[in-house]
Each structure stands twice: as structure tokens, then as C-alpha cells.
Amino acid sequence: MASKQNVSAKSMTTLSRKKRKLTTSDWQLYSLCLIPVLLVFIFNYIPMFGVILAFKNYKFNLGILGSPWVGFSNFEFFFKSNVFTQLIWNTISNNFLFIVFGIIASLIVAILLFELKSRNATKTFQTMLITPHFMSWVIVSYMVYAILNPNYGYLNQLLALFGIEKIDWYSKPYAWPVILTITSIWKNVGMDSVVYYASLMGIDTSLFEAAEVDGANKFQRTIHIVLPSLVPLVTILTILKIGGIFRADFGLFYTVTQDGASGNLYETTNVIDTYIFRTFKDNATGNSYGLTSAVGLLQSVVGMILVIATNALSKKVDKDLGLF
Amino acid sequence: MKRQNKIQQIVLIIFFSLLCLGIIFPFWLLLSASFSNEGVITTQGYQIWPNPFDISAYEYVFRNPDQILRAYGLTFVFSISAMVLSVLLMSMIAYPLARSNLKGKSVINFYLYFTMLFNGGLVPTYLLVSRTLHLNDTIWVYILLGLINPWYVFMIRTFFKGIPGEIVESATIDGASEYTIFVRMILPLSKPVLATIALFVFLGKWNDWNTALIYITKPELYSLQYLLQKIMEDINILKQNQELGGMLSVSDIPAETVRMAMAIIVAGPALVVFPFFQKYFVKGLTVGSVKG
């Protein structure tokens, strides 16, 4: 191998080579990959072997390999526990709300921005709409807290104007799918609409000219040209988002709910990701590493199947789109 | 028809002005609450317009600013380090992947891609990082975790692919090594995409709070966002004690205003700085095509 490295680079037409032999330049390229590949191996691949924990009863003193095998009992425990349906339902239903209303909101914003003639105005508005994207979930949780705080919050003050008594939002689980959906849209609508807006900028303007000649008004133009042009993109993005429906945004569900307001909100806000974290942190139960690994593995596998399936689906819709 | 258009434009501008006010409003609420008087808050709640205007919350925070300054410094240091390292390392792997004729390229592609599909999950990663590598409670955990993001690698690769092959070819004929080509030509030519990715990485690290949540127990190693998160939690705990015991007094800490002031101190600089780089973020999204 070392001898190949000594082959002079000058004698090669590196770009158009068809030879099987590896050239110096090949080795140089491989060597560039080395550190990144190694890092990925350490931080991504080694933990993958750790999923055997899901089939073990982890004991600190025995380590991963030494701990006894317990078969599928961790999974069994999870399936039989009463949180199972709660987690699956909460994760999927909340994500479903985010996807549907998120897409509607960002589509409306993009289409209306597109109708706006002044470039300066468009830019200013876009900047403001994107601002929440730069904030961490912790800061967002402070804002939500300022609004929803039962004693001092802005929302209860507003409700008081209408004679409605103080509501302790952090102990009302059924309000939270709505609160979280609004929060999620608030944070993401600016960035999400950018993609649609960019796609609208690519519409062939002759279509609009033709529509104008035919006497179409703005509304007809939107219905017949603008919306149809967005259909493939919306389809793809929706499909891809459905691929991730088993993964919850941990920051949103953990900080914004104030850690599920210490249990009061679990009914609607406990999702797979927060459950894994809480069970992991609350390690007093002893067996929790095996259990959390099992839940994590389940999420990972189902997530992977979903991504592959939805990606195949998106390729059927449009060959050029799709994740891979 | 023309007048109708004008009216439409005005309506649109009004609509977006209102929408943007709505989007910005929560920031204003935080700001206003932070400049309010604690006593007024406890009787009347947070105010939309601080009356009287009171900076005692900020005085309280800055009377002992060490903790927040340390968190700022630490977060800045690890965000910058991670940004530089991450962009460099991701370019190093993206460049070979952008070369159409490299053998085994698809293997490396899949090797990266698979990490997007499947991961070991929280516990195995935690055991590796803190029990095997002992990175917990060190600054390295902030820097080393997530250095290579496949998504960004593919974005960089897509950009590299757009660089004309003749440039590389002519340099090779001149006897330049791949290293020279990479450092002297590819990287300088790719400034737009590298800047975009660098900002993405920086933003992600700057806003990182859950790494500390899992791996950091030493208060002096709290990242900025995690410190903020802790303050929210700790004041919650104080309140619970007060309700349970009825004895503990928290009145000497202007808890509500201090909390809001902390949020402003943490969010403020980012709020001022990041919008200036907005075009890069937008570009990063619309560069779009990640496939290859």
C-alpha cells in the first residue's frame, strides 16, 4: 500500500482516470476523510452497539457487556405500562397538529408575501418573521411563561377584562396541544415560509401575463397558478415531516411546558423523547437504562422505517425530490 | 384596476405589519416585564408598559455578574471552537465525496447517511460519553458532540460539486496535491456555503441547553441557555417551598423581574446580532438540493 502512495502525481491525469489502481490523489482524498470518519464512528456508531442494552438488565458494576440478558422483557414492560398509548398518541397527535397548521400558516404567509410588490417591505417582514427562529427553546419558555403565568401572566389579565377568572394554565393539560401548536408555528413559520416563497419566485412569469390577458383576477391567479405550482413541494415536505412524526421536539415539550409542569401536563404533553429523558434522569428505579434504551430503540427503528417508506413515497410523487 | 391593486397592497402591508407585531410582541412582553417593579407585578401582574420604570432587576443581576459573564464566555468559546472545527472537518469529508471518480465514495456516503436514519439513543450515547470517554463535566462535551452533521456535509458537498472541474484539473496538472487544492482553491471558492453552515453550527451551539442538561453538573460549566433554564427551575423550587412551608421568604429576591431580566440578557445580544446574518440562513434553506 505504501508503495502506491509514492506514485508521482504528475504522471496521472487524475480527473479522467478509468484505472482500477488507487492513485496518490486518491490516498490524499481518503486521508482527508479519516478524522471525520473516525469521529462519526466514535460518536455515532459505537453507541449503536449500545442498543443491546435494550435487551439487558443494566447494572452499573457489570457494565454493558456484563449485565444479564433479559430478552424482550424491557419492551414487554413498556408495552404493558399505561404510558405506552399516552406517549404514542401524544407524540403523533401533537406532531400532526404542528404539521397541518404549520403548513397552512407558512403557505398563507408565503403566498401573501409573494403578492407584496415592494421588495423592501417583503424583506423587512421576512426578517421579523424569522426572528423567533434564532431564539432557544429556553427563551421561548420564558415568553410563554410571561404570557401564561397564572398569577401575573398577560393572558389572564386579558381574560380578566372580560370578567373571566384566573386560569392556572400549567395545570390544564387540554389547553396544551393548542398552546404548543401556536408556539411551534410562531417559532417556525418564518423559516418554513421561506422555502415556499423561494419556490414561488421560480414560477414562470409568462403564466401570470397570460392569466392577465385572459382577465383573471388576483384570486383566480392564486387558485389556478400559484397554489398548483406549490403542490409538489407541499406534498414532499409533508411526506418528509410525516417521516419524522415519531420524533418530538424535546425542547418544546420539555422547557415550554416547564417540564410538563412537574407532571400536571403529562396527559397531553408527555412524548417519547421527554419520557426517555425523564426515565433516564430518574434512575432510582434501577432498571431504567434497559427500559429507556428499549424505548429509544423502538423509536429509532419505527422512525427509520417511516423515513424510508415516506421517502420512497415522495420519490413516486416527484423523482427529483425526496431526501435521498 | 390600478386603484384596486393599490388598495390590495395597502391591505397586505397592514396585514403583515399586524402579523409581525404579533410575532415580535412576546419579546416586548419580556422586555417590559423585566423593567417593571416587582411590587407592582405581585399586585397587578406583568405590565405591557412598565410603570414605574424600574431597573432594580438588572441591578440585582449585575451586582454579582460573575456567573452570567462566565456562562457568556464559556458559551462563546465553545460555540466558536465547535463552529471552526465542525466546518473544517465537514469540508474535509465533503470534498472527497464531491469528486465524481473516487472509489468507495458511495460507501462513505451511506456511512454518513445511515447516522441520519438510526442512532443509538440517549443511554448508550450517555454511557459512552461520560463513562468511557469521561467527557462529562468538561467543555469538550459541548465541542465534540455533533461535530459532523451529515445534513450539512451533503449541503457542502453539493456546493463543491458546482465548482468547475477544470479548476481542479489544471491545478493537478501543475502538480498540486489534493491538500493544496482543497486548502488553496476549494475552501476559498466555497466561502458562501461555508459561512452559511458556520452560522448554522454557531446558532445551534449558542442555543444549546440540553447538552448541559445531560452531561454537566458543575455550575461553572453551565452553558448560557442552561443557566437560564436552571434559573427558571430554581425559582420554581423556591416558590414550592414557600407554598409548602409558608415560612421561607423570597421577597428579598425580585424573583419575577429578575427572571425576565435574565431572559433579556441572554436573548438580547443574539436578537441584535443574528438578524444581520439572516440572508445566510435563508440561503442555507434555499440552496436546497441536498441530494447527490
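Just so you know, all these numbers are worked out from the coordinates, no wet-lab data involved. Quantities reported herein were computed from a predicted structural model and do not represent experimental measurements. Virtual Cβ from ideal backbone geometry, glycine too; neighbours counted across all protein chains shown.
Taking a Cβ cut-off of under 13 Å around A:Tyr254, the surrounding Lys, Arg, Asp and Glu residues balance to a net charge of -2, with basic ones at +1 and acidic ones at -1.
Exposure proxy shown here: for A:Ser193, B:Ser170, the number of other Cβ atoms within 10 Å sets the order, fewest to most, as B:Ser170, A:Ser193.
The calculated 222 nm mean residue ellipticity attributable to helices in chain B amounts to -22000 deg cm²/dmol, summing -39500 (n - 2.57) over DSSP H runs of n ≥ 4 and dividing by all residues. Seen against the Cα atoms of chain B and their longest principal axis, helix B:105-117 is set at about 20 degrees.
Put a plus charge on the Cβ of each Lys and Arg, a minus charge on the Cβ of each Asp and Glu, and nothing anywhere else: the dipole of the protein assembly as shown about its Cα centre is then about 2360 debye. Sorted into 10 angstrom bins from 0, the C-alpha pair distances of segment B:65-250 split as 8, 27, 27, 19, 11, 4, 2, 1, 0 percent. For segment B:65-250, the Cβ-based charge dipole about the Cα centre amounts to some 400 debye (Lys, Arg positive; Asp, Glu negative; other atoms uncharged).
Couplings 3J(HN,Hα) for segment A:116-128, derived from phi with the Karplus relation 6.51 cos²θ - 1.76 cosθ + 1.60 (θ = phi - 60°), are 5, 7, 5, 5, 4, 4, 4, 5, 4, 5, 4, 4, 5 Hz, where x marks Gly and Pro.
Counting pairs of alpha carbon atoms under 8 Å apart in space and at least six apart in sequence, what relative contact order in percent does segment B:65-250 give? Computed value for segment B:65-250: 37 percent relative contact order. The local environment of A:Ile272, defined by Cβ-Cβ distances under 14 Å, has a net charge of 0 under the rule Lys, Arg +1 and Asp, Glu -1.
Of the chymotrypsin sites (Phe, Trp or Tyr not before Pro) in segment B:35-117, the ones in a loop by DSSP (not H, G, I, E or B) with at most 15 other beta carbons within 10 Å are B:Phe53.
Using the number of other C-beta atoms within 10 angstrom as an exposure proxy, rank A:Lys218, B:Lys105 with the fewest first. Spell out each step's value before the answer.
Numbers: A:Lys218 13, B:Lys105 16.
By the 10 Å Cβ count, ascending: A:Lys218, B:Lys105.
3J(HN,Hα) couplings calculated from phi for segment A:137-148 with the Karplus curve 6.51 cos²θ - 1.76 cosθ + 1.60 (θ = phi - 60°) are, in sequence order, 4, 5, 5, 4, 5, 5, 5, 4, 5, 4, 7, 9 Hz; Gly and Pro show x. Computed over chain A with a Gaussian network model linking Cα atoms closer than 10 Å, the most mobile of A:Met128, A:Met191, A:Met304 is A:Met128.
The relative contact order of segment A:82-317 comes to 30 percent, based on Cα pairs under 8 Å that sit 6 or more residues apart.
For the set A:Lys59/A:Lys241; B:Lys103/B:Lys279; A:Lys172/B:Lys230; A:Lys241/B:Lys105, the pairs lying more than 26 angstrom apart at their alpha carbons are A:Lys59/A:Lys241; B:Lys103/B:Lys279; A:Lys241/B:Lys105. Contact order, relative form, for segment A:60-215: 32 percent (alpha carbon pairs under 8 Å, 6 or more residues apart, mean separation divided by residue count).
Checking every one of the trypsin sites (Lys or Arg not before Pro) in segment A:69-125 against DSSP loop status and a limit of 14 other Cβ atoms within 10 Å picks out A:Lys117. Put the Cα centre of segment A:109-151 next to the Cα centre of segment A:186-258 and the gap is 17 Å.
Remark on A:Lys56: its backbone amide H falls under 5 Å from those of A:Val70, a criterion applied only to residues 5 or more positions apart or on other chains, H modelled at 1.01 Å from N.
Residue exposure proxy: A:Ser300, B:Ser34, ordered by other Cβ atoms within 10 angstrom of their Cβ from fewest to most, comes out as A:Ser300, B:Ser34.
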